[in-house]
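Reviewing the structure listed below.
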Amino acid sequence: MASTGGLTRRRGAGGGDAGEGGSNGASRNNSSSNFRDSGPETSYENTENGHKIAFDPRDISESAERSKQPKLTLMEEVLLLGLKDKQGYLSFWNDNISYALRGCIVLELAFRGRISMQKDPSRRRFPLADRLIEVIDDTLTGEVLLDEALKMMKQSEKMSVSDWIDLMSGETWNLMKIGYQLKQVRERLAKGLVDKGILRTEKRNFLLFDMATHPVADGGAKDEIRRRVRNVLTQRTVVLPSSQFLPESLDFRCLRTVSMVCAAYAANVLENALSTLGHEARERAFAQTDDLLADYSQWPFGKKAVGNGVGANLPQLINEEVNNNKDKELQLEVVAACLGVFTRLDALL
């Protein structure tokens, strides 16, 4: 198995550096096209006046997919937490966010029902992160990075959660698999947030070079994420109001939020959501996140003791979500495995 050695996780605020090396020129057409070509690329609809209107059935399926999902993916939420609101770039001193974002890609695919653990009873002999995953639904998601990762998983040999996160991060010495690395993930996510109206693009001068930055254009999205984080980590009773970022009809609303909090913790951007708290309150919030990682990086999920009383109802809420989706246990194993990979990062300083 590929190793995650050398990666560190620290408590300081901020995100990753401003750019990622390399460019793959990816676009929606290149990254997500033609790995499900069972139907024609063009269909026609008859109108009342007898004319035919051409359309791509894949556009219809993407629209239907988007209507069922929150406005932002897990990757986008974590990136948004790391961005400086006015400057529009990530901290130059964080080397963790790239790895965490690849983990978020695997998490998002599992939550959307695209991948799951391979259905093999013998898998239980292996740690969660070393169990093989497989594609169970190759329908396009409409999100470029998700579709690109899904295409790779569909076309390649079956590998483990840990292997996929390592390979997509470029953490491999196997030159035969270097092509699995997803490049410019942060920049592509930022441009996606620009398209969604959350960020805007500006050019900023950094002494020797100019760089595109992405300041926050709509602060409502980031404020909602911060409130959700503080709700989970500081309130005795967790209440997650319905919004376009977390619809009431969404499966695994609480577990998805816990996963986002843990991913932000691993990406070293969680403190940005806790900046309004006092020192002791922040320390308690970090301790609570450690507990969440410990409980939800195993399968079946652990039962958290009430402890300091924070999130006392959270285990019950997540247990109800699991019980209502008994047929998705193999997908939830992938979620637990991803959180387990996050715990492998070095202990906080």
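Readers should treat all values here as calculations from the given coordinates under stated rules, not as data from a laboratory. If you're wondering where the values come from, they're calculated on a predicted model, not measured in any experiment. Methodologically, a virtual Cβ is constructed for each residue, glycine included, from the backbone with ideal geometry; neighbour enumeration extends over all protein chains shown.
Couple of notes before you dig in:
- The string of couplings for the stretch 90-107 from the Karplus curve (6.51, -1.76, 1.60, θ = phi - 60°) is 8, 4, 6, 9, 9, 9, 9, 5, 4, 5, 5, 5, 5, x, 5, 4, 5, 4 Hz, one whole number per residue in order, with x for Gly and Pro.
- The calculated Kirkwood hydrodynamic radius for the stretch 105-204 is 14.9 Å, given to one decimal from all distinct C-alpha pairs.
- Working from label points 7 Å from Cα in the Cα-to-Cβ sense, the Trp93 to Glu134 distance is 4.7 nm.
- Efficiency of FRET between Lys119 and Ala287 - r from beta-carbon atoms, R0 41 angstrom, step 0.05: 0.65
- In summary, the lysines within cross-link reach of Lys71, defined as a Cα separation below 27 angstrom excluding same-chain residues under 8 places away, comprise Lys84, Lys86, Lys151, Lys154, Lys183, Lys191, Lys196, Lys203, Lys222, Lys326, Lys328.
- Three principal axis lengths of the stretch 207-349 [C-alpha, angstrom, descending]: 55, 33, 28
- Database remark: amide H of Val135 closer than 5 angstrom to no amide H (H placed geometrically; neighbours at sequence offset of 5 or more, or on other chains; Pro and chain starts carry no H).
- Radius of gyration and maximum dimension Dmax of the stretch 133-253, Cα, Å: 18.5, 50
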